[in-house]
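The values are calculated or read from the model by the stated rules, or taken from the named source; none is laboratory data. Keep in mind the model is a prediction, meaning the values are calculated, not measured. Cβ sites come from the backbone with ideal geometry, for glycine too, and all protein chains shown count toward neighbours.
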């Protein structure tokens, strides 16, 4: 039995489009609500917060979703805060 002929570049594009359309049909995008601003968005969160609390010996973790804008603001704010701490120490 002979192997199939190699795919031409135009065939690859059609194959990739076909695979992507099947993936999107198989998994509908999830809907999330940003924990910081409350806006709803579809697709994967761009980041998440981190809440840690304890109750007795139990430790609980929660990672609420963040939209792209809020994830960027939280990240930049954390970096700027870290930079300020470094300048005060040094």
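Here are the numbers:
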{"quantity": "Whichever residue in the range 80-90 is assigned to a helix (DSSP H, G or I) and over 20 Å from residue 51 (Cβ atoms) and, among such residues, is modelled with the lowest pLDDT", "calculated": "89"}
{"quantity": "Residue list for the range 52-79, filter: outside any strand (DSSP E or B) and surrounded by fewer than 10 Cβ atoms within 10 Å (Cβ to Cβ)", "calculated": "56, 57"}
{"quantity": "All positions within the range 26-46 that are part of a loop (DSSP other than H, G, I, E, B) and out of contact with any helix residue (DSSP H, G or I) (no Cβ under 7 Å at 6 or more places or on another chain)", "calculated": "27, 28, 29, 30, 35, 38, 39, 43, 44, 45"}
{"quantity": "Residue check for residue 8: surrounded by fewer than 10 Cβ atoms within 10 Å (Cβ to Cβ), modelled with pLDDT under 90 and over 23 Å from the mean Cα position of the chain (by Cα)", "calculated": "yes"}
